[in-house]
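All of the numbers you see were taken from the coordinates with simple rules; none came from a lab. Here the structure is a predicted model, which is why all the values come from computation and not from measurement. All Cβ positions, even for glycine, are placed from backbone atoms using ideal geometry, and neighbour counts span all protein chains on display.
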There are 2 protein chains.
Amino acid sequence: MKKHILIYGLTGGLLIAVLRLVEYRFLVVEHSIEIYGSLIAVLFAGLGIWLGLKLTRKKEVVVVKEVPAAAAPFALDEGRLRELGVTRRELEILALIASGMSNREIGEKLFVSENTVKTHSSRLFDKLGAKRRTQAVQLGKELGLIP
Amino acid sequence: MKKHILIYGLTGGLLIAVLRLVEYRFLVVEHSIEIYGSLIAVLFAGLGIWLGLKLTRKKEVVVVKEVPAAAAPFALDEGRLRELGVTRRELEILALIASGMSNREIGEKLFVSENTVKTHSSRLFDKLGAKRRTQAVQLGKELGLIP
DNA sequence: AGCAAAATCACCCGAAAGTATGACGACAGA
DNA sequence: TCTGTCGTCATACTTTCGGGTGATTTTGCT
C-alpha cells in the first residue's frame, strides 16, 4: 500500500512540474485553462481507475460448491454399545453376520465352535431385540453399531 | 454501463461550469493554477477510483466444500436388474428380507403363502449367487438393488 | 389368440438358525 | 478372596431356511 501512495504522490508532483513548464507556453492561448484542467482530469481519472482496480483486486466472491462427500467414515457408537450391554465379541459376530457368513463360517474364522457363535448371537439378539439375524443386522445399522 | 458514462460526462461538464465561475475569483491570486489543478486532480482521482471500483468485475473464487451428502437418494439399478434377471417380485422380497422379516411375515404382508415367498427367495438367491438371506442382502446392497 | 415369462402354491427333506439350560475357566474390580 | 462379567462349549429341542420338483394361474406382448 505504501508503494501506491508513493507512486500517487510522485505522479502528482511530477505533473505539477510538467504543468509549470507547459503553463508558460499555453497560458497565453485562449481557453488554455480548460485544456489544462482536462489534462489533469484525464490523467488523474486514469490514475484513479488504476488505483481502484488495484484496491479491489482482492475482493473475491466466495462461491461455496457443495459436493457429495464420498463416504461417511462411520464411527462406532460406543455409548450405544454400553447402553445395550453389547460386548466386543458380540459386536464382532454381528459384523460377520452382516457380511453374510453362516454360524459355522464365523466359528471357523474366529477359531471357536459353532455353538459358541450361537450363544453369542443369541445373547446379541436378546440385547438388540431381534428375532432373526437379518433383523439384527438391520437394527445394528440403525443403532450405529455397524456401517 | 451507459449510466456510468452519463454520470461521468455530466460531472465533467458541471465541473467546467463551476470552474468558470470560480476562475474569475482566484485567477488573480498567485498560485491559483496549482489549487485549480489540485482540485480537478482530487475530484477526478476520486471519480476514477469510484469508477475503477465499479468496473472491477469481482473475481469468483470457487471453494469446493465437502459436505456429508445429506442422503444418497438411491436409484435402483434397473440395468443390473435385467442383467441378473431379477424380477420385480423378487426385488420386493429382497427388500423385505433386508428389513429383517421372516418368510412367514413377508407372505402375510404380501398376501401370499410362505411357500411362494420361499420359491421367490430361492430363485433370487440363485440369481445373486447367495447361499443365505443375509448374504443376499449384502450382495443386493453392493449391486445397487436395495438402499 | 397364443406364447413366454412371471407369479402363485404345495410337499418333502435336510441344513441352518435360534432357544433353553447348564457348565467351566479367566480376569477385573471391590 | 469373593463376585460379576465375559468368553467358551455342549446338549437337546424347535423353528426357520433353502433346495428340489412339479403344477396351475396371471400377465405382458405379439
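If you add up the charges near A:D77, with Lys and Arg at +1 and Asp and Glu at -1, over every other residue whose beta carbon is less than 12 angstrom from its beta carbon, what do you get?
Once positives and negatives cancel, what remains is 0.
Based on the Kirkwood radius over alpha-carbon pairs, what is the Stokes-Einstein translational diffusion coefficient of the stretch B:84-147 at 10 °C with 1.306 mPa s viscosity, in µm²/s?
Reported coefficient: 140 µm²/s.
Roughly how many nanometres apart are two label points built 7 Å out from the Cα toward the Cβ at B:E78 and B:D126?
Computed distance between label sites B:E78 and B:D126 equals 2.6 nm.
May I ask you to sort B:I93, A:I146 by Cβ crowding, counting other Cβ atoms within 10 Å and putting the fewest first?
Result, fewest neighbours first: A:I146, B:I93.
Taking θ as phi - 60°, what are the ³J(HN,Hα) couplings along the stretch B:109-122 by the Karplus curve (6.51, -1.76, 1.60), each to the nearest whole Hz, with x for Gly and Pro?
5, 9, 6, 10, 6, 4, 4, 4, 4, 5, 5, 4, 5, 4
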